[in-house]
Amino acid sequence: MIKRSHADGTVSVTFELTRQVGAGSAALCGDFNGWSQTETVMALADDAFTATLKLSPGRRYRFRYLLDGERWENDWAADAYIPNDFGGEDSVVDLIELGERPPAVGPARAAAKKAAPAKKAAPAKKAPKKPR
């Protein structure tokens, strides 16, 4: 899974399932879509099924893949696995830590801070000497 934080406070999570699972279709089902079997159909590209969702940080989400409308599969790269009510396990994507971090400084802003030298005050001018 690939996780990317956004300025709007959400996290994009890209779920990927290799085609080696031997399925013709895959749907992503979980807490984030009410376990709908039709809402998040995964696209097949580069020999893998993928789906990218924007999720809220600060929590864990349970999910599984539904293959060919009849076979459930876990994510082999999940952050954790939790027993479910059906005698199996659900995969977990963990976004808790992403909800606790302060906003990151963007690369352009950080570079600008490093590149801008600190301004020095101009030296004070001496008062002209009075003739004696």
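The values are calculated or read from the model by the stated rules, or taken from the named source; none is laboratory data. Values in this document were obtained by computation on a predicted structure and should not be read as measured data. Please note: Cβ atoms are built from the backbone with ideal geometry, for glycine as well, and neighbour counts cover all protein chains shown.
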* Asked: What number goes with the only condition from (1) at pLDDT 80 or above; (2) charged (D, E, K, R); (3) more than 26 Å from Ala48 (Cα to Cα) that Lys114 does not pass?
  -> (1)
* Could you grab the pairs with beta carbons closer than 6 Å, sequence gap of 6+ or different chains, first residue in region 75-90 and within 21 Å of Glu16 (Cα to Cα), second one part of a loop (DSSP other than H, G, I, E, B) and of a type outside the set (A, V, I, L, M, F, W, C)? => Asp90/Asn84
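Name the one entry in Tyr65, Tyr81 that is in a strand (DSSP E or B), more than 18 Å from the chain's Cα centre (by Cα) and surrounded by 15 or more Cβ atoms within 10 Å (Cβ to Cβ). Give the derivation first.
Details: Tyr81 fails: surrounded by 15 or more Cβ atoms within 10 Å (Cβ to Cβ).
Of Tyr65, Tyr81, the one residue that is in a strand (DSSP E or B), more than 18 Å from the chain's Cα centre (by Cα) and surrounded by 15 or more Cβ atoms within 10 Å (Cβ to Cβ) is Tyr65.
Considering only residues that are part of a loop (DSSP other than H, G, I, E, B), farther than 19 Å from Thr14 by Cβ and not aromatic (Phe, Trp, Tyr), which ones fall in region 84-96? Steps first, please.
As a first pass, look at region 84-96 and keep what is part of a loop (DSSP other than H, G, I, E, B): 84-88, 95.
Next, from what is left, pick out any that are farther than 19 Å from Thr14 by Cβ: 84-88.
The answer is Asn84, Asp85, Gly87, Gly88.
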* Asked: List, please: which pairs have Cβ atoms under 7 Å, are six or more places apart or on different chains, and start with a residue in region 1-17 that is farther than 19 Å from Asp31 by Cα and end with one that is modelled with pLDDT under 80 and outside any loop (DSSP other than H, G, I, E, B)?
  -> Ser5/Leu98
* Asked: On the given criteria, is Gly30 small (Gly, Ala, Ser), within 18 Å of Glu89 (Cα to Cα) and without any contact (Cβ under 8 Å) to a residue 24 or more places away in the chain?
  -> no
* Would you please name the residue that is farthest from the chain's Cα centre (by Cα), looking only at residues in region 1-47 that are buried (at least 16 other Cβ atoms within 10 Å of the Cβ) and aliphatic (A, V, I, L, M)? => Ala23
* Structure fact -> Reported set for region 33-62 where residues are closer than 18 Å to Ala23 by Cα, modelled with pLDDT under 95 and assigned to a loop (DSSP other than H, G, I, E, B) is Asp46, Asp47
